[in-house]
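Trainee: Got a structure for you, written out below as C-alpha cells; questions coming shortly.
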Amino acid sequence: MSDLQISRSETDLILRELAKVDHLDGDVVEFGCYTGDTSVLLARALQESPQKWLWLYDSFAGLPEKTAADHSANGWRFKAGTLKADASTVQHKFRKYCLPEPVIKQAWFQDLHPDEDLPSKICFALLDGDFYESIKTSLQLSAKKLVPGGIMVVHDYRNPALPGPAKAVNEFLAQNPRYKLRLSASLAIIERLAAS
C-alpha cells in the first residue's frame, strides 16, 4: 500500500483503539478523510454503537501549503493540492456499503467553528492532516470536546517525510498534562486521562 495512505496494520490498530471507547459518551470524528476508505471502516465498527455519529472533515482541495515545520528532504511528494478528493466519492462509498451517511464538513480545519461544526462530545478522533498546522488545529478542536478517557489517534507521527505531525503532537502534550501518549507504528495515540 502507498505511504500516502493508512496501512492495514495501522487500520487494525485504529479500530482496536476505537473499540476501547465504545462505552463512552460522544461521537467519532475523522480529520482528513481523503476518499473515505478508513471512514467506511470506522462506520462499520460503529454499527454496533448506533447512538454514535461519524463526522468527517476534509477540504477536498488537497493538501494546503507547507510551513517551515513540514519541510523534509523525504517529503517532496507532498505538495499543495496533492491528495485531492471529492465529497461525492465518500458519499458513494457509504451508499455502496449500505452504511449510515456520516456528517461531512467540507472546509479547511482552521475555518471550522468548534460549537457549530463539531459534535458536542467526542470519544474518538482520527487525525490525518499530514502537515503541522492541520494536526495542530485538529488537535485543538478535538481536545475541546474530548470526553475523559477519550482517544485521539494521529497518523504520520513517525513519518520522516512528514515531520509536522510529530511537532504538533509534542507541542500539544507539553501544553496539556491531562493527556498521555502511546506510540505504535507511525501512530501517536493520545488518551485524555479520566477526571480525578
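Where a number appears in this text, it was derived from the coordinates with a stated rule and is not lab data. In this text the structure is predicted, and so the values were computed from the model without any measurement. FYI the Cβ positions are ideal-geometry reconstructions off the backbone, even for glycines, and counts take in every protein chain you see.
Trainee: Charges on Cβ only, +1 for Lys and Arg, -1 for Asp and Glu, centred on the Cα centroid of the chain; of CYS98, SER7, GLY75, which one is farthest towards the dipole's positive end?
Mentor: Toward the positive end, the furthest listed residue is SER7.
Trainee: Please report LYS145, LYS121 as a ranked list, fewest other C-beta atoms within 10 angstrom at the top and most at the bottom.
Mentor: The fewest-first ordering by Cβ neighbours comes to LYS121, LYS145.
Trainee: While we're on this one: Fewest Cβ neighbours within 10 Å first, please rank LEU13, LEU162 accordingly. Each step should come with its number before you reach the end.
Mentor: Values: LEU13 17, LEU162 24.
Going from sparsest to densest Cβ surroundings: LEU13, LEU162.
Trainee: Among the DSSP beta bridges whose two residues both lie in the stretch 13-192, what percent are antiparallel, rounded to the nearest 5?
Mentor: Here the share of antiparallel DSSP bridges comes out near 35 percent.
Trainee: By DSSP, what percent of the beta bridges with both residues in the stretch 85-196 are antiparallel, rounded to the nearest 5?
Mentor: 65 percent
Trainee: Continuing with this model, one more query. What list of whole percents do you get for P(r) of the stretch 13-192, with Cα-Cα distances grouped in 5 Å bins up to the one holding the largest distance?
Mentor: Calculated P(r), rounded to whole percents: 1, 9, 18, 21, 22, 16, 8, 3, 0.
Trainee: Going by C-beta contacts inside 10 Å, put TRP76, TRP108 in order with the fewest on the left.
Mentor: On the way: TRP76 8, TRP108 14.
With the fewest neighbours first, TRP76, TRP108 line up as TRP76, TRP108.
Trainee: Going through the cross-link list LYS52/LYS144; LYS93/LYS167; LYS20/LYS93; LYS93/LYS144; LYS145/LYS180, which pairs have a Cα-Cα distance over 28 Å in this structure?
Mentor: LYS93/LYS167; LYS93/LYS144
Trainee: So what's the back-of-envelope 222 nm ellipticity for the chain, counting only DSSP H runs of four-plus at -39500 (n - 2.57) apiece and dividing by all residues, rounded to 500?
Mentor: Using -39500 (n - 2.57) per qualifying helix, the result is -9500 deg cm²/dmol.
Trainee: So, one more: Can you give the Kirkwood hydrodynamic radius for the stretch 1-75, in Å, rounded to one decimal and based on Cα pairs? If you can, show how the numbers build up before the last one.
Mentor: Working: mean 1/r = 0.0700 Å⁻¹.
For the stretch 1-75, inverting the mean 1/r across all distinct Cα pairs yields 14.3 Å.
Trainee: Report, in order of residue number, the helices in the chain meeting two criteria: a C-alpha extent of 15 Å or more along the helix axis, and a mean Kyte-Doolittle hydropathy of at least -0.5; treat each whole DSSP H run as one helix.
Mentor: The qualifying helices are 164-175.
Trainee: Measuring from label point to label point, each 7 Å out along Cα→Cβ, what is the ASN170 to HIS23 span in nm?
Mentor: 3.5 nm
Trainee: Just to be sure I understand the model, the point goes 7 Å from the Cα along the line to the Cβ. What's the resulting SER9 to TYR97 distance in nm?
Mentor: Taking the two extended label points, one gets 2.2 nm.
Trainee: On to the next question. Output needed for the stretch 73-177: three equivalent-ellipsoid semi-axes, defined as square roots of 5 times the C-alpha gyration tensor eigenvalues, in descending order, whole Å. Don't skip to the end; give the middle numbers.
Mentor: Numbers: eigenvalues 110, 88, 31 Å².
Working through the eigenvalues yields semi-axes of 23, 21, 12 Å.
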